[in-house]
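Working notes, beginning with the structure itself.
Bear in mind that the values in this text are calculations on the coordinates, not laboratory data. Values in this document were obtained by computation on a predicted structure and should not be read as measured data. Don't worry about glycine lacking a Cβ; one is built from the backbone with ideal geometry, like all the others, and counts go over all protein chains shown.
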Amino acid sequence: MLNVLRRVWRLGRERSVEGFVFGRPLVVLQSDDWGRVGVPDREGWDRLRNSGVNLGERSYDFYSLETAEDVEALVSLLNRHRDSTGRPACLGMNFIMANVDFAKVSADNFRQIHLRTLADGLPEGWNRPGLFQAYQQGISAGVLSPALHGTTHFCRAAAERHLNDAGERGELLRTLWNAGVPYIHWRMPWIGFEYSDPGHNGREAFLSSETQAGMIVDAVKTFTRLFSKPPRSACAPGYRANKSTHHAWAKCGIQVAQNGPGGSMPPHFETNSNSDSAANSVLHLYRTVDFEPSAGQEFSVKACVRMAEDSFARGVPAIISVHSINFHSTLKDFRSRTLRLLDEFLTALESKYPDLLYVRDQDLYDLVTKGTFESAHSTVKVAVTKRTFNATAVAEAERA
């Protein structure tokens with residue numbers, strides 16, 4: 001009897017979703033954390049080491065900020081890779097729209113957080129000559145496509161709880177901010193993510209709908225000021241997003257929600273009858289390939305190719321996740337190895353799939369709504385089919 005009840009309960013949880021499959025192999029490149037500062041330079045690294053922070057244990061201890069040269073090298077590589085229409089590969093860059101204004105916070109005796117928007121430049125003490133021009137040149141060349149990540153990557157409410165904390169957490173936070181470093185997440189998960197607060201007990205809870213909406217409106221305004229047009233795609237920091245996040249994105253004109261790994265989940269619109277039409281208009285995409293050479297020497301291009309092939313076999317896009325740290329070179333040269341491996345990866349896909357298309361998030365939205373998308377010189381048509389799938393079964397298969 002207990003098993004029967006469990007089955008009834010499980011069936012009640014299952015829901016069908018209308019997903020989309022595509023008649024050609026599609027490759028989407030998505031990348032997080034652009035514009036977000038970390039450890040400024042070797043001098044800042046040494047300052048933290050002298051303060052007792054034992055850096056170098058994990059790759060994200062070397063997270064800094066891209067340079068103009070990093071971006072230019074990436075743009076050059078993407079320009080060399082062309083799809084079946086002659087269109088270059090394009091990287092979707094999810095930008096953090098503000099950084100901590102460390103000087104103001106210090107002058108205010110750590111009483112509250114002050115931010116400096118990316119549209120107003122980098123915080124005092126940060127120097128990246130030509131970086132913003134490199135962004136714009138890549139965007140103009142059609143190989144970089146900006147999207148929204150958030151205003152801050154960390155949860156501001158969580159950070160403010162520790163600004164004047166006399167304990168270890170407060171001491172670490174002030175040490176980092178005095179060095180111009182916002183946080184190193186693996187060392188301090190209690191900092192949370194923008195829309196998700198870990199609280200005092202480590203139990204994450206999403207911020208209220210009203211709070212999230214205000215944050216997202218501000219972020220979209222800054223994004224529009226910097227890039228002269230509003231975002232069409234967004235990815236929540238840490239992939240922490242809920243219905244309130246999606247609703248606020250939709251109200252601001254965002255059409256695509258980027259989600260973390262969900263290998264068997266086709267692109268789909270949210271179909272919850274309790275959501276309004278605006279939230280239902282957001283197309284959900286799920287990353288299928290983790291392309292993160294900075295994570296370690298065991299990284300395998302062959303494994304990434306197999307994951308992309310599996311996506312194509314199921315008719316879903318190969319959505320590649322490659323975080324910005326992989327292109328950094330200031331503290332450790334991740335860039336050279338990543339570009340070499342990315343070149344190898346894209347070459348392998350182009351060789352095996354002569355009808356491959358490089359598409360952006362907004363192109364996928366246009367495909368599922370119109371059946372076509374616009375490239376630089378032509379309108380590209382792709383067969384798109386709706387398929388009903390069981391979201392619960394997919395989630396269980398991925399956990400297995």
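Just a few scattered comments:
- Loop sites in the range 190-246: trypsin sites (Lys or Arg not before Pro), DSSP, at most 16 other Cβ within 10 Å: Arg203
- Given charges at Cβ of Lys, Arg, Asp, Glu: the chain dipole, positive-most of Tyr365, Ala134, Ser329: Tyr365
- Using a cut-off of 30 Å between Cα atoms, the listed pairs Lys243/Lys352; Lys251/Lys386; Lys251/Lys302 include Lys243/Lys352; Lys251/Lys302 as exceeding that distance.
- Working note: 222 nm ellipticity from helices only, DSSP H runs with n ≥ 4, each -39,500 (n - 2.57), summed and divided by the residues of the chain, gives -11500 deg cm²/dmol to the nearest 500.
- Projecting the Cα positions of Leu339, Met93, Val39 onto the charge dipole of the chain (unit charges on Cβ atoms of Lys, Arg, Asp and Glu, taken about the Cα centre) puts Met93 furthest along the positive direction.
- Simple Cβ-charge dipole of the range 285-398, Lys/Arg +1 and Asp/Glu -1, about Cα centre, in debye nearest 20: 100 debye
- Seen through its C-alpha gyration tensor, with square-root eigenvalues sorted a ≥ b ≥ c, the range 98-247 comes out oblate because a/c lies at 1.5 or above while a/b is not bigger than b/c.
- Quarter of Cα convex hull surface for the range 8-92, i.e. mean projection, nm²: 11.5 nm²
- Farthest positive-ward along the chain dipole, Cα basis, beta-carbon charges - from Leu144, Ser196, Met265: Met265
- GluC sites (Glu not before Pro) within the range 298-373: DSSP coil, no more than 15 neighbouring Cβ in 10 Å: Glu298
- Largest mean-square fluctuation among Met188, Met97, Met215, in a Gaussian network model of the chain whose springs join Cα atoms under 10 Å apart, belongs to Met188.
- Note on the chain: with a GNM built from Cα contacts shorter than 10 Å, the maximum mean-square fluctuation among Gln133, Gln255, Gln362 falls on Gln133.
- Coupling constants for the range 302-313 follow from the phi torsions by the Karplus curve (6.51 cos²θ - 1.76 cosθ + 1.60, θ = phi - 60°), and in residue order they are 4, 5, 5, 4, 4, 5, 5, 4, 5, 4, 4, 4 Hz; glycine and proline get x.
- More than 17 angstrom apart: percent of Cα pairs within the range 57-96: 49 percent
- Two-decimal log10 I(q)/I(0) for the chain, as the Debye equation yields it once each C-alpha is a single scatterer, q = 0.09, 0.12 Å⁻¹: -0.55, -0.99
- Point-charge dipole on Cβ atoms (K/R +1, D/E -1) for the range 52-155, about Cα centre, debye to 20: 260 debye
- The chain: most fluctuating residue of Gly150, Gly214, Gly260 per GNM, C-alpha cutoff 10 Å: Gly214
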